[in-house]
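A.B. asks: Mind having a look at this structure? Questions to follow.
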Amino acid sequence: MFSLLTDMGIQLLLWSPFYAILGVVTFAFVRWCMKWKAGRIFCGIVLLGLSAGLIYGLLRATGVILYPDDKSRSYYFFDSSFRTEGVQLAVPCALEMAVMLVAGRSGIQKKETQ
């Protein structure tokens, strides 16, 4: 469990500038898409895809989903562990889901007040 949290922390530290830029762009795009029904449907489909990626990444990081060529230990460095691969998918999906939900909620609230 500790190695999983360590991998997650390292992933957030190394990629945080990229995640910040991606979050700002996603926030603006989702707020723009909330104006139309087709945009809301598109955001819902993207949200379903991100949730599927998050579930797959968490299952991969915990070791529930394994492949025959996976290394069985989590102390291999340089992305050679199945835990690291799962974290690399789960962290961006979770952050993008959070940004989309916040942007969608603020877009709906803004629409209701007008």
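Bear in mind these aren't lab numbers, they're just calculated from the coordinates by the rules spelled out. Just so it is clear, the structure is predicted and the values come from calculations on it, not from any experiment.
A.B. asks: Distance from the Cα centre of the range 1-65 to that of the range 87-104, in angstrom?
C.D. replies: When both Cα centres are located, 3 Å separates them.
A.B. asks: Tell me, in nm to one decimal, what length is gained between residue 21 and residue 6 on full extension, where the rule is 0.36 nm per residue of separation less the Cα-Cα distance?
C.D. replies: 3.1 nm
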